[in-house]
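No value in this document is a laboratory result; all are computed from the given coordinates. Quantities reported herein were computed from a predicted structural model and do not represent experimental measurements. Reconstructed Cβ throughout: ideal geometry from the backbone, glycine too, with neighbour counts over all protein chains shown.
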């Protein structure tokens, strides 16, 4: 996935604060899907200069990845795109107040396109609505349901095929790669 900026003008959050709702912030004990108590909706963070390291380190995919059109602005799309630091995962966090936003067009087609572009690479596309996780492959979706705190997702080649699959396993399971 090419994340090299190609836009002439950098994008800004503006009045968007959706990341303050959909992301988990462990340092604050804030679960995903709930507004951060420090968020002033449509304005920003009330403790911006003292915000947690998790917030400081977060980089919104909409701001980073020009391939996401203007319609991907989280305040409009109800989707926050995040890249895992290892570059192996793209997670599309969905506002739980609009759980099917990712299935609306043009988002759904573009997410499927992302999965197609990731085929043959180690990158995996995830859609997360609260604790529910759906893995999107080019030819199908695997709905893993709610992934508990003590569970992880294992992505591996399915036996006898050349396609990848996804399963939910306990955190100490040896299948975790």
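Values as computed for the structure displayed
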read-out: Highest-first arrangement of 109-115, 153-159, 66-72, where packing means the average Cβ count within 10 Å; value: 109-115, 66-72, 153-159
read-out: On Cα atoms only, tilt of 107-118 relative to the major axis of the chain in degrees; value: 50 degrees
read-out: Value in Å of the Kirkwood radius, where the range 19-170 supplies the Cα pairs that are averaged; value: 16.3 Å
read-out: R0 of 41 Å, Cβ-Cβ distance residue 49-residue 70: FRET efficiency to nearest 0.05; value: 0.90
read-out: Over the range 107-166 - Rg/Rh using Cα atoms and the Kirkwood inverse-distance radius; value: 0.97
read-out: 11 Å cut-off, amide nitrogen to a point 7 angstrom out along residue 132 Cα→Cβ, residues in the range 80-101; value: 96-101
